[in-house]
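Structure first, then comments.
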Number of protein chains: 2
Amino acid sequence: MSADTKERIVFAAMGLFARKGYASTSVADILHDAGVNAGSLYHFFPGKQDVLLAVLDMYLHGIRPMLLQPAWNGVTDPIERVFALLEHYRDYLTRTECTYGCPIGSIALELHEPDPPVRALLAANFDGWISAIETCFIEAGDRLPSDVDRRDLATFALTTMEGGVMLSRTDRTPVAFDRSVRMLRHYIDRLQADR
Amino acid sequence: MSADTKERIVFAAMGLFARKGYASTSVADILHDAGVNAGSLYHFFPGKQDVLLAVLDMYLHGIRPMLLQPAWNGVTDPIERVFALLEHYRDYLTRTECTYGCPIGSIALELHEPDPPVRALLAANFDGWISAIETCFIEAGDRLPSDVDRRDLATFALTTMEGGVMLSRTDRTPVAFDRSVRMLRHYIDRLQADR
DNA sequence: GTCTATAACCCGATAGAC
DNA sequence: GTCTATCGGGTTATAGAC
């Protein structure tokens, strides 16, 4: 089946890129994990980079169903949703003994001069994440001071997460991640206290 | 000259790893930039990874003379020193049109399963950075609330910087970096206001 | 310590039968 | 659409003369 084969390739590549990175994943690795032969992959994709594009596209369209929905299950308070999402990343971090973090962030720093379409999809993924969190802060309404820009605050939450993941992956403990998120929580608590 | 050759190799590799990353830099690249032949490199280093170790070691010992000293030139206030260091990274970012960020952070995310000595040196570099900033916050004394942990705050400053660099490199503009640092500044201003 | 040549290997991508 | 075999090129590292 054609659709199935293509899907298997993308899913296999998604896992491999997250675990080993883009450059360190060979086409042979993808073929092996997908249980597919070279001819099939090159029938659906012009080359390896196009597989990456498909993976980034899947992440982009998966933000709601694959990331936000599970992270926000049962959480309705908009500000708690921000921290529920951060907690979601922490779970992923600890479940993998702090070896895997955010796959988008890893690829973004691994590729030093990505081709324009790759860079555009990386930026779109970050933008989607930020916009989702921005919406939470907007929904928080007057619980936050009116002079605090909601998008700036959402960007800050993402940099806290990405930076925390970076340090925690490096020393294989969630300590730095926890410290950063605790500080972000402290900041947002204070914003709510004296709005 | 032996010492000179070894040094040229390390400096060439330092530049290349920062610009292209570790995996994408070939030994041939290093040889070319250093103006050295393969025999010389393999005379001084068992392999490519050992060149990386030497580079990370140089970064580690260069934190004060190569990073803090120039960033803090003329800045004495401990809290302003924190933001002067962040400004230093912003300068590097904008001077390179947002293509290069923190070389340690890039390598840390690029290598998914680094050998223990590499990981140890990456962690030591982050630790040295955090400790320097922690000292600033300690020197700030009672300008900051006593119940705010100085090391947590220093870790937060590093994650803000690394996350900001990641996003800014991805969309090739310092906007995200500036937003994150502005939020950190806002937080620390508030800590000082109602200590 | 420095040089050149090259070994041994892995990579992405392709050709062409089925 | 799927398979196998393989091409051409780049990789790290080594051998051995000087």
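Couple of notes before you dig in:
- Sorted on the mean count of surrounding Cβ atoms within 10 Å across their residues, most packed first, peptides B:131-144, B:160-173 read B:160-173, B:131-144.
- Debye intensity ratio in log₁₀ form over the Cα atoms of region B:11-151, taken at each q of 0.13, 0.18, 0.21 Å⁻¹: -0.66, -1.09, -1.31
- Kyte-Doolittle at least 0.5, axis length at least 15 Å by Cα - qualifying DSSP helices, chain B: B:48-61, B:116-139
- The calculated FRET efficiency for B:R150 paired with A:H43, based on their beta-carbon distance and R0 = 51 Å, is about 0.30.
- Arranged from fewest to most other beta-carbon atoms within 10 Å of their beta carbon, B:L41, A:L60 become A:L60, B:L41.
- Long-range lysine pairs (8 or more apart or interchain), the protein assembly as shown, Cα under 15 Å: 4
- Each Lys and Arg Cβ is given +1 and each Asp and Glu Cβ -1; about its Cα centre, the protein assembly as shown then shows a dipole of about 200 debye.
- Remark: mean inter-chain Cβ contacts per residue of A:112-125 equal 3, using a 10 Å Cβ-Cβ cutoff to other protein chain atoms.
- With one equal scatterer per alpha carbon and no solvent term, the Debye-computed log10 I(q)/I(0) for region B:1-87 at 0.18, 0.21, 0.23 1/Å reads -0.76, -0.91, -1.03.
- Shielding by other protein chains, B:173-183, mean Cβ within 10 Å: 5
- Point-charge dipole on Cβ atoms (K/R +1, D/E -1) for region B:57-195, about Cα centre, debye to 20: 320 debye
- Each Lys and Arg contributes +1 and each Asp and Glu -1, all at the Cβ; summed about the Cα centre of region A:5-104, the dipole is approximately 180 debye.
- Compared with the rule-of-thumb size 2.2 N^0.38 Å for a compact globular protein, the protein assembly as shown has a Cα radius of gyration ratio of 1.02.
- Label-to-label distance for A:R182 and B:A193 is 2.5 nm, based on points extended 7 Å past Cα in the beta-carbon direction.
- Cα-derived Rg over Rh, computed across region A:76-195 with Rh taken as Kirkwood radius: 1.00
- Each residue of region A:61-110 gets 87 Å³ once the volume of the Cα convex hull is shared out per residue.
- Only helical runs count toward this figure. For chain A, summing -39,500 (n - 2.57) over DSSP H runs of n ≥ 4 and dividing by all residues gives -23500 deg cm²/dmol at 222 nm.
- Selection from A:A38, A:G74, A:V175, by position along the positive dipole direction of the protein assembly as shown (Cβ): A:A38
All of the numbers you see were taken from the coordinates with simple rules; none came from a lab. Fair warning: this is a prediction, and the values are worked out from it, not measured in the lab. Here Cβ is always computed from backbone atoms with ideal geometry, including for glycine, and neighbour counts include all displayed protein chains.
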